[in-house]
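To start, the structure itself, in structure tokens.
What follows draws every value from the coordinates through simple rules; no lab data is involved. The structure presented is a predicted model; accordingly, all values stated were derived computationally and were not measured. Backbone-built Cβ (ideal geometry, glycine too); neighbour counts: all protein chains shown.
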Amino acid sequence: MAEEILSEEDKQTLKEMFDKSLKNPVEITVYLDEKNNKETSDFARKIGELLMQINDKIKFEFLDAYDPKVEEEMKSKNLLIDKYGNRRGPIFVFKKYPGIIYYGLPSGEEFPIFLEDIIHVSNEHFDIDGATAKKLALINEPLDIYVFVTPTCPYCPYMTHHSHQFAMVKNNIRGIMIESYEFPEFAEKFKVYGVPHIAIIDKDGNTITEWEGAIAEMEIFANKIKESLEKVSK
Amino acid sequence: MPISLSLGNISTTENLDKEWDVIIVGGGPAGYSAALYCGRYRLKTLIITKDIGGTLNDADIVDDYPGLENIKGSEMGKIFKKHAEKYGAKTLLESVVRIEKLPDGNFKVLTNLGKEFIAKAIIIATGSQRRKLGVPGENLKGVSYCAECDAPIFKDKIVGVVGGGNSAFHDAQVLAQHAKEVYIIHRRDEFRADPVEVEEAKKNQKIKFILNKVVKEIKGTEKVEEVVLQDTKTGEISSMKLDGLFVAIGLVPLSEIVKSLNVNMDESGHIIVDQCGKTNVVGLLAAGDVTTQICNLRQVVTSAAQGAVAAYSAFLYIKTKKW
């Protein structure tokens, strides 16, 4: 039985919502770091256990990020960020859409987006309009969108949501939320002093562009990425 | 920092009708209060907003709204939305880019994603945003207008808050949860903030006061490192080392969207409304921080009141066609 991390009322609401909206099973891998982020790794496990308890279409797999096999897997999937500090988890990755990634807990303001991600993935439903899709169609090189957030930032979830939607429709894009509070060295490397802080990273790990502030309009966000890629290629 | 989970608002994607009785632009206290009342008047109501809660999101804890003690600002926005939805109001999370008055008296509303709607009446509740200092170095990293967002990044650091109103004191309290020291920098030695806020801040050992000083410049290579201050009484220049600077020196109204409709505004850009929330444009109402009302007391409770009044006026207008 998972410890009470959500009220009974919220659990009931979630149950009704998931029962109504989940279609296909959703599998999520969580890499845990009980050495350097123990408190949040423990909480990550609780979130997973709770959601599995609420609806059996949701499956979580918990892996120890220091297990050599897991380490290999993380390396091959480009999930290890040892160059940005010694923390390896908790990291949440959706199995079917491995571009939907959370470094740190999807807690606070980010939790509703995590729940939405589950529903979107289960239904293979994209929340993207035609104009944004057209912009995204022109982005074909592999890239990572880093979205640095804090749990209390109410403007951050829009960016997490958009980047995850982009990752759903384009398998060359990874939308990576990074909880600055849980990965302080990572945030420090990117000089994050305000959130949301966005960095667009190319396949070689170079930062193509970065900025501070939310862009609520998905199309403008997609366009900004497209234009910065064009500038670099020129 | 305590970990918390809240369901918040999970947006649903649904096809929205084109025609509405009322479209409300903005989803803060004025907007959602208007939506609640419109719903109760059985008006078909759509709120178009970039975020849920508006400037409530910048507040850590709100404790001056009757009946809701010590509530998180962002949580309050979600509660307002839920209540309005009970009476049928719909929310679209987009931005309004244009409002046009049509020859038949209705309004056409266009969003950033190209959606087009028609409404019999419009309520503008776009609110305000924080005023900038307007000094050199303000674009440096580490200058922030949202303590709620950025405070966790300044764990064990030294930060400043510029301002002397409630927002500045709220910011200082949020920052004190994370930072090592918080300096409230204020141009006078008296505060506009409610006395209760000042008392609480004085009790907090991390919060210190730098009075009769204005920020002249913010210095740093990549991020804030130092601020240059000038004494408002002696003119003396000094400087202090800081890791971050939070600006809370007042608000500017977000009224740009209605300029093309020739709406009357005051010199600061607040939309001029009468006591019923009506503007000089027939069918166009406004409420909350974006307006000239009420006695300059810009609070959740006054914005909510204005929202309710504007909804009532919209209801009467739609029913009687009288303005």
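Is it possible to state the helix-based mean residue ellipticity at 222 nm for the protein assembly as shown, with each DSSP H run of 4+ residues giving -39500 (n - 2.57), the sum divided by total residues, to the nearest 500 deg cm²/dmol? What is it?
On the way: 14 runs with 168 residues, N = 557.
So the helix-based figure for the protein assembly as shown works out to -9500 deg cm²/dmol.
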Legend entry - Exceeding the 27 Å Cα-Cα cut-off - candidates A:Lys23/A:Lys46; A:Lys38/B:Lys78; A:Lys20/B:Lys90; B:Lys50/B:Lys319: A:Lys38/B:Lys78; B:Lys50/B:Lys319
Inset, instruction - Take A:Trp211, project a point 7 Å from its Cα along the Cβ direction, then tell me which residues of segment A:176-196 have their backbone nitrogen under 20 Å from it. - result: A:176-178, A:190-196
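Could you line up A:Phe166, A:Phe183, A:Phe43 from fewest to most neighbouring Cβ atoms inside 10 Å? Don't jump to the answer; show the numbers that get you there.
On the way: A:Phe166 28, A:Phe183 25, A:Phe43 19.
Lowest to highest Cβ neighbour count: A:Phe43, A:Phe183, A:Phe166.
Given the alpha-carbon gyration tensor of segment B:143-247, what are the semi-axes of its equivalent ellipsoid in whole angstrom, ordered largest first, with each equal to the square root of 5 times an eigenvalue? Let's see the in-between values first.
Values: eigenvalues 73, 68, 22 Å².
Taking √(5λ) for each eigenvalue gives 19, 18, 10 Å, largest first.
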Legend entry - Eligible aspartates and glutamates near B:Lys157 by straight Cα distance, threshold 12 Å, same-chain separation 8 or greater: B:Glu181, B:Glu225, B:Asp243
Inset, instruction - Under a 10 Å cutoff between Cα atoms, tell me which one of B:Ser128, B:Ser33, B:Ser268 has the largest fluctuation in the Gaussian network model of chain B. - result: B:Ser268
Inset, instruction - Return the FRET efficiency for the residue pair B:Asn106, A:Lys134: r is the Cβ-Cβ distance, R0 is 35 Å, and the value is rounded to the nearest 0.05. - result: 0.65
Inset, instruction - Towards the positive end of the charge dipole of chain A, with charges on Cβ (+1 Lys, Arg; -1 Asp, Glu), say which of A:Pro98, A:Ala187, A:Thr40 has the farthest Cα. - result: A:Pro98
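Between A:Asp19 and A:Asp67, 0.36 nm times their residue separation minus their Cα-Cα distance comes to what?
13.8 nm
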Legend entry - Relative intensity, log₁₀ I(q)/I(0), of chain B from a Debye sum that treats every alpha carbon as a point, q = 0.08, 0.09, 0.10, 0.12 Å⁻¹: -0.41, -0.51, -0.62, -0.84
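I need the shape label for segment B:28-73. Rule: rounded when a/c is under 1.5, else prolate if a/b > b/c, else oblate, with a, b, c from the alpha carbon gyration tensor.
Working: a/c = 4.33, a/b = 1.64, b/c = 2.64.
Oblate, because a/c is 1.5 or more while a/b does not exceed b/c.
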Legend entry - At most 14 other Cβ within 10 Å, DSSP loop - GluC sites (Glu not before Pro), segment B:201-257: B:Glu222, B:Glu236
Legend entry - Cβ-based charge dipole, segment B:108-226, positive-most Cα from B:Val224, B:Ile158, B:Leu211: B:Val224
Legend entry - FRET efficiency, 1/(1 + (r/R0)^6) with R0 60 Å, evaluated for B:Ile79 and A:Lys35 via beta carbons: 0.90
Inset, instruction - Using R₀ = 45 Å, calculate the FRET efficiency as 1/(1 + (r/R₀)^6) where r is the Cβ-Cβ separation of B:Ser239 and B:Glu267; round to 0.05. - result: 0.85
Legend entry - Rounded, prolate or oblate (a/c below 1.5 giving rounded, otherwise prolate when a/b exceeds b/c) for segment B:1-117 by Cα gyration tensor: prolate
Legend entry - Cα-derived Rg to Rh of segment B:83-141, Kirkwood definition: 1.16
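Arrange A:Phe62, A:Phe221 by Cβ neighbour counts within 10 Å, fewest through most, would you?
Details: A:Phe62 16, A:Phe221 22.
Lowest to highest Cβ neighbour count: A:Phe62, A:Phe221.
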Legend entry - Dipole in debye (nearest 20) - chain B, about Cα centre, beta carbon charges: Lys, Arg +1; Asp, Glu -1: 740
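Looking at the protein assembly as shown, what % of the alpha carbon pairs are farther apart than 45 Å?
16
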Inset, instruction - Choose one of B:Val301, B:Val247, B:Pro103: the residue whose Cα lies farthest towards the positive end of the charge dipole of chain B (beta-carbon charges +1 Lys, Arg; -1 Asp, Glu; about the Cα centre). - result: B:Pro103
